[in-house]
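Down below is the structure, laid out as structure tokens.
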There are 6 protein chains.
Amino acid sequence: MIEYTDASPEVRAVYDDIMATRQTDWVNNFWKTLARDPALLRRTWENVKEVMAAGALDALTKEMIYLAVSVSNQCGYCIASHTASARKAGMSDAMFAELMAVVGLANAANRLAAGYQVEIDERLRPR
Amino acid sequence: MIEYTDASPEVRAVYDDIMATRQTDWVNNFWKTLARDPALLRRTWENVKEVMAAGALDALTKEMIYLAVSVSNQCGYCIASHTASARKAGMSDAMFAELMAVVGLANAANRLAAGYQVEIDERLRPR
Amino acid sequence: MIEYTDASPEVRAVYDDIMATRQTDWVNNFWKTLARDPALLRRTWENVKEVMAAGALDALTKEMIYLAVSVSNQCGYCIASHTASARKAGMSDAMFAELMAVVGLANAANRLAAGYQVEIDERLRPR
Amino acid sequence: MIEYTDASPEVRAVYDDIMATRQTDWVNNFWKTLARDPALLRRTWENVKEVMAAGALDALTKEMIYLAVSVSNQCGYCIASHTASARKAGMSDAMFAELMAVVGLANAANRLAAGYQVEIDERLRPR
Amino acid sequence: MIEYTDASPEVRAVYDDIMATRQTDWVNNFWKTLARDPALLRRTWENVKEVMAAGALDALTKEMIYLAVSVSNQCGYCIASHTASARKAGMSDAMFAELMAVVGLANAANRLAAGYQVEIDERLRPR
Amino acid sequence: MIEYTDASPEVRAVYDDIMATRQTDWVNNFWKTLARDPALLRRTWENVKEVMAAGALDALTKEMIYLAVSVSNQCGYCIASHTASARKAGMSDAMFAELMAVVGLANAANRLAAGYQVEIDERLRPR
């Protein structure tokens, strides 16, 4: 992992932008690990900044969708870091509990649909 | 698949509740297939009705989380049916596009975190 | 796909063994597709024959475990073919329904454990 | 995690039922973590109790199917806890080894079927 | 799907670049579907062009890695389209067969490692 | 785990072959754990030796495909051990970074294809 004090100016610029955008004073290990490849670091951060910014969906909804995917994929690091960012964006205990209930339900029902070999309804086919 | 006209009273009661709850006049194949096992049909529907109802999260957010999980799992049937229900709950083209961008990003970043073997930050560990 | 009449002696020998072992008079598309690579065909069939034969677990239990994994992975072909072989090995409608309920439950609970970041209990750690 | 001594009467009632049903004197972390949401705790436990009880399939077969799904999903916590419960239900070393062989085979063959784009046989299509 | 003749200048520019880069005279459905969101189309194509271009790894190796991931994820569309692009980049029947054997093996061994709860060796831990 | 000094002659023979084939003086935990089932140990090792040997694809390409699948499946042990073996087979930092970029891209694009319900092009269908 590349710490701020050891980072090149290019990497520091990304770290600075992360801290400014998130209004925080630290950078988490994900970025400090990606920094081994400065081009990947910059590209990934720009992508995250663009995709996760409020737009048609607000930032909290996006954080919760991101968390739901990470839980479904069982990515330990991503669950830890995006639970924290979703909470920071306003996710309450009750919202987290409902998110988890939906993720559990969808993962179960996805397998019921597959295992029972449910055919797609004529009127649900894409236009 | 069990059509309404061929269904037992127990199965019809679930179909009626699905149509009433969703304010629609048809039942999709998922339920008509599960109806081969009336107890499973009833239990699954009650679970869906409870989990997907507005609470700390509104119904549209829940539908989008459900869709995000189904896309991540690549469940064809579930994507078709929950794209339809999310749209019915108010998901616009722009919201769908942003949802898909978040799902794509999370699936990519989940693998970056895993492949780079990023360690969980001390302050991100669960209390 | 390589049909029996077009198959080389090496491929025919595998087809014959499949039909004899399964006491059936046809070979399904999986094998006819793998036959494009006769060495893969033979190796895969030998592996299947060895692993799926009754041992400490009976053949029906093995077929149901195989089906449960295929449903969990949402592999359309595998679900279709292994539902058929599990039924042939004795899986009733009631057994299938219970298998599906377990698969749905495990897929949901796997995500609850991951999303709630449950720590492994000291006494559940491998010795 | 909520320990027994700190638990509300509602949560204690679930813990008591878990210990009575399983004929054991402790409750594992999964339940102590879910207890942060008493309604989720109760609902999940009732679901587990109903789905995992012996029926058309005996309890050991159900535990092994559950374990096979958890291994396929690579859920660390679930593998640890359900290896323990399957062993308690009677799974021997030889049964575990055969279960793992089937899980490995199914995961490999699922990808062969997908990668070789095997078409579903006419006679394997759902009725 | 947006056909070339119906496309806006912005979308046409991407289609033209796809055809020029790939030295082909058609655009596949993936791009014609993404074109519903021109910004996503452009961003995804630029990403693909950058990531898939020969660098430290040649283009064929990258296509095969992409295909291996798509097979592992069982994404039907991606398998069809990236089998075609890998073949165009030089993948022979023998190379495809060996790629599939590695994908099958890795998927099986990933589950053996998880199910047997293999601990990471001290000297395999990231520095 | 079975250490060399505690191993039966059958298990030692496999350990010796692993060390000779890999030109190394140690055996990693994966094999020492599988050794609890000597037949599984031998079968798995023979399979690995056959599938991973240079053929139409060189050994480094195979190691990178194996690693790409393991990252996609998020198998912690497999990522640690196959990053090491890929490096030993010649994977540079730059090659690893490009491999990871392809794995990230494929995982994202697989979901775009699924979520946008892209239809397979007529000319991409298997012959």
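The values are calculated or read from the model by the stated rules, or taken from the named source; none is laboratory data. Because the structure is a prediction, the values reported are computed rather than measured. Neighbour counts are summed over all protein chains in view; Cβ atoms, including those assigned to glycine, are modelled from backbone coordinates with ideal geometry. We work out accessible area using only protein heavy atoms, side chains counted, and drop any ligands, DNA or RNA first. Shrake-Rupley method; radii C 1.70, N 1.55, O 1.52, S 1.80 Å.
So, residue A:121, is that one among the acidic types (Asp, Glu), farther than 27 Å from residue C:68 by Cα and without any contact (Cβ under 8 Å) to a residue 24 or more places away in the chain or not?
Numbers: among the acidic types (Asp, Glu): yes; farther than 27 Å from residue C:68 by Cα: no; without any contact (Cβ under 8 Å) to a residue 24 or more places away in the chain: yes.
No, not satisfied.
What are the residues in region B:91-107 that are touching a residue at least 12 places away in the same chain (Cβ under 8 Å) and either open to solvent by 40 Å² or more (accessible area, probe 1.4 Å) or in a helix (DSSP H, G or I) (or both), if any?
B:95, B:96, B:99, B:100, B:102, B:103, B:106, B:107
Among the residues of region D:71-81, what is the count of those that are touching a residue at least 24 places away in the same chain (Cβ under 8 Å) and at the interface with chain C (Cβ under 7 Å from one of its Cβ atoms)?
Within region D:71-81, the subset touching a residue at least 24 places away in the same chain (Cβ under 8 Å) is D:71-72, D:77, D:81.
Right, trim to at the interface with chain C (Cβ under 7 Å from one of its Cβ atoms) and you get D:72, D:77, D:81.
Qualifying residue count for the region: 3.
Counting only residues that are assigned to a helix (DSSP H, G or I) and more than 11 Å from residue C:7 (Cβ to Cβ), which one in region C:21-36 is farthest from the other protein chains (Cβ to nearest Cβ)? Spell out how you get there, then give the answer.
Residues of region C:21-36 assigned to a helix (DSSP H, G or I): C:21-22, C:29-34.
Narrowing the set further to residues that are more than 11 Å from residue C:7 (Cβ to Cβ) leaves C:21-22, C:29-30, C:33-34.
Values: C:21: 16, C:22: 14, C:29: 5, C:30: 5, C:33: 5, C:34: 7 Å.
Of everything passing the filter in region C:21-36, C:21 is farthest from the other protein chains (Cβ to nearest Cβ).
If you take the residues in region D:71-80 that are part of a helix (DSSP H, G or I) and open to solvent by 10 Å² or more (accessible area, probe 1.4 Å), which one is farthest from residue D:101 (Cα to Cα)?
Residues of region D:71-80 part of a helix (DSSP H, G or I): D:71-73, D:76-80.
Among the residues that remain, those that are also open to solvent by 10 Å² or more (accessible area, probe 1.4 Å) are: D:73, D:76-77.
Numbers: D:73: 15, D:76: 18, D:77: 21 Å.
Of everything passing the filter in region D:71-80, D:77 is farthest from residue D:101 (Cα to Cα).
More than 23 Å from residue C:107 (Cα to Cα) and modelled with pLDDT under 95, is that true of residue B:22?
Numbers: more than 23 Å from residue C:107 (Cα to Cα): yes; modelled with pLDDT under 95: yes.
It is true that residue B:22 is more than 23 Å from residue C:107 (Cα to Cα) and modelled with pLDDT under 95.
Search region E:49-66 for residues being more than 13 Å from residue F:107 (Cβ to Cβ) and of a type in the set (A, V, I, L, M, F, W, C), and hand back the single one that is most open to solvent (accessible area, probe 1.4 Å). Before you say what the answer is, go through the steps one by one.
Pass one, region E:49-66, residues more than 13 Å from residue F:107 (Cβ to Cβ): E:49-50, E:52-64.
Those left that are additionally of a type in the set (A, V, I, L, M, F, W, C): E:52-54, E:56-57, E:59-60, E:64.
On the way: E:52: 23, E:53: 46, E:54: 75, E:56: 45, E:57: 5, E:59: 42, E:60: 32, E:64: 3 Å².
That would be E:54.
Checking the condition facing another protein chain (nearest Cβ under 7 Å) and part of a helix (DSSP H, G or I), which residue from F:68, F:39 passes? Walk me through how you get there before you give the answer.
Working: F:39 fails: facing another protein chain (nearest Cβ under 7 Å).
After applying the criteria, what remains is F:68.
Collect the residues in region D:82-96 that are over 14 Å from the mean Cα position of the chain (by Cα) and either of a type in the set (S, T, N, Q) or facing chain C (nearest Cβ under 8 Å) (or both), keeping them in residue-number order.
D:92, D:94, D:95, listed by residue number.
Mind listing whichever residues of region D:108-126 are within 7 Å of another protein chain (Cβ to nearest Cβ), in a helix (DSSP H, G or I) and more than 24 Å from residue E:93 (Cβ to Cβ)?
Hit for region D:108-126 is D:124, nothing else.
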